[in-house]
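Asks: Can you keep this structure in mind? I'll have questions shortly.
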Amino acid sequence: MNSFDKKIKTRLSMHPEMLRSILAYPNEETLTTLIRYQVFESKGAYLGHLLTSLLPQWEYIACDGNVHLGKVIRNLEKAQISPIQQESDFLRANLLRIRVLAETPGTFPFSPLSIQESLLHFLEGADLLADLPQLAVIHFAKDELKPLAADLAQYRLSPLSRRYVQNLFHQERQEAILANLAFLCKNYPLLSTCRQAYALLLSLDNINNWSRHPFCLRLVSNRFWEYRSKEIL
């Protein structure tokens, strides 16, 4: 790194607003700039406050399919974004949703703000989206569901079973679910379904509560009854 690059790197670390202006609307040069000046590798970097302020803006440009934003967030996923665990968990959950939205081709056929302002309204009956053919790709092996068979057959889950269900939603499965919902948001022919898919995306921001989310439980239940109908479980 030459003296000019070192000077720019110092300015970026000392003037958060300069960095914020670069990150606000990512373009084809943004990631190259961040890597060149090692912005996220700096030991003293504290990005939590900056990223929190960017989340609303990033949400909207992700809904419009800004692929450059997706690349920036993938780079961020390798960095320590906050020394505070609670803040870090909050940011990572939101950044995952935003990245998935940004990487999904297409744009929203509705205003994201309308869903955000009336989230509970659009979540009514949204668990039924688990029945769509597009969600059939979310697979649970029969051996994974066997420990839940007795509870699922009685349409109830014990506290122990809920903890088990939570473990079913590992990182790869979480991202697959979010990606399928993001696809529905931008590409499903019924506007009401697009809106409900986005409401679900917003409501799944607390990954630790997926074992209690009606949509997630319906996904598990659907696969169970598919196996049961074939007399596998």
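The values are calculated or read from the model by the stated rules, or taken from the named source; none is laboratory data. Bear in mind the structure is a predicted one, so any value in this text is a computation, not a measurement. Note that each Cβ is placed from the backbone with ideal geometry, even for glycine, and that neighbours are counted across all protein chains shown. To get the accessible areas, we keep the full protein, side chains included, count just its heavy atoms, and leave off ligands, DNA and RNA. Shrake-Rupley method; radii C 1.70, N 1.55, O 1.52, S 1.80 Å.
Asks: Please express the Cα-Cα pair-distance distribution P(r) of region 110-174 as a list of whole percents, one per 10 Å bin, running from 0 to the bin with the greatest distance.
Replies: Result returned by the calculation: 16, 34, 36, 13, 1.
Asks: Give me the dipole magnitude in Debye, nearest 20, for the chain about the Cα centre, with unit charges on the beta carbon: positive for Lys and Arg, negative for Asp and Glu.
Replies: With only Lys, Arg, Asp and Glu charged at Cβ, the dipole is about 480 debye.
Asks: In whole angstrom, how long is each semi-axis of the equivalent ellipsoid of region 96-148, when you take the square root of 5 times every eigenvalue of its Cα gyration tensor and sort them from largest down?
Replies: Equivalent ellipsoid of region 96-148: 28, 17, 11 Å, largest first.
Asks: In the calculated pair distance distribution of the chain, what percentage of Cα-Cα distances lie above 31 Å?
Replies: Working: 8669 of 27028 pairs.
Summing the P(r) of the chain above 31 Å gives 32 percent of all pairs.
Asks: Could you bin all the Cα-Cα distances of region 178-233 into 5 Å bins starting at 0 and give me the percent of pairs in each, rounded to whole numbers?
Replies: Bins of 5 Å from zero give 4, 19, 20, 19, 17, 12, 8, 1 percent of pairs.
Asks: Okay, moving on. When N counts the residues of region 95-233, how does its alpha-carbon radius of gyration compare numerically with 2.2 N^0.38 Å, as a ratio?
Replies: Rg over 2.2 N^0.38 Å, computed on Cα atoms: 1.06.
Asks: Rounded to the nearest 10 Å², what accessible area does residue 186 have for a 1.4 Å probe in the complete protein model?
Replies: 20 Å²
Asks: Enumerate the calculated ³J(HN,Hα) couplings along region 24-40 in order (Karplus 6.51 cos²θ - 1.76 cosθ + 1.60, θ = phi - 60°), each rounded to whole Hz, writing x wherever the residue is Gly or Pro.
Replies: 4, 10, x, 10, 5, 9, 4, 5, 4, 5, 5, 6, 4, 9, 6, 4, 8
Asks: Taking the alpha-carbon centroid of each part, what is the distance from region 164-185 to region 24-38 in angstrom?
Replies: That distance is 29 Å.
Asks: Which angle from 0 to 90°, rounded to the nearest 10, does the C-alpha axis of helix 159-168 make with the longest principal axis of the chain?
Replies: 60 degrees
Asks: Tell me, rounded to the nearest percent, the portion of alpha carbon pairs in region 27-113 spaced more than 15 Å apart.
Replies: Working: 2193 of 3741 pairs.
In whole percent, the long-distance tail amounts to 59.
Asks: Could you give each residue of region 116-131 its phi-based ³J(HN,Hα) in whole Hz, using Karplus coefficients 6.51, -1.76, 1.60 with θ = phi - 60°, and x for Gly or Pro?
Replies: So the Karplus estimates, Gly and Pro as x, are 4, 7, 10, 4, 4, 4, 6, 7, 5, x, 5, 4, 5, 5, 5, 7 Hz.
Asks: Same structure again: With every protein chain left in place and a probe of 1.4 Å, what is the accessible surface of residue 205, to the nearest 10 Å²?
Replies: 60 Å²
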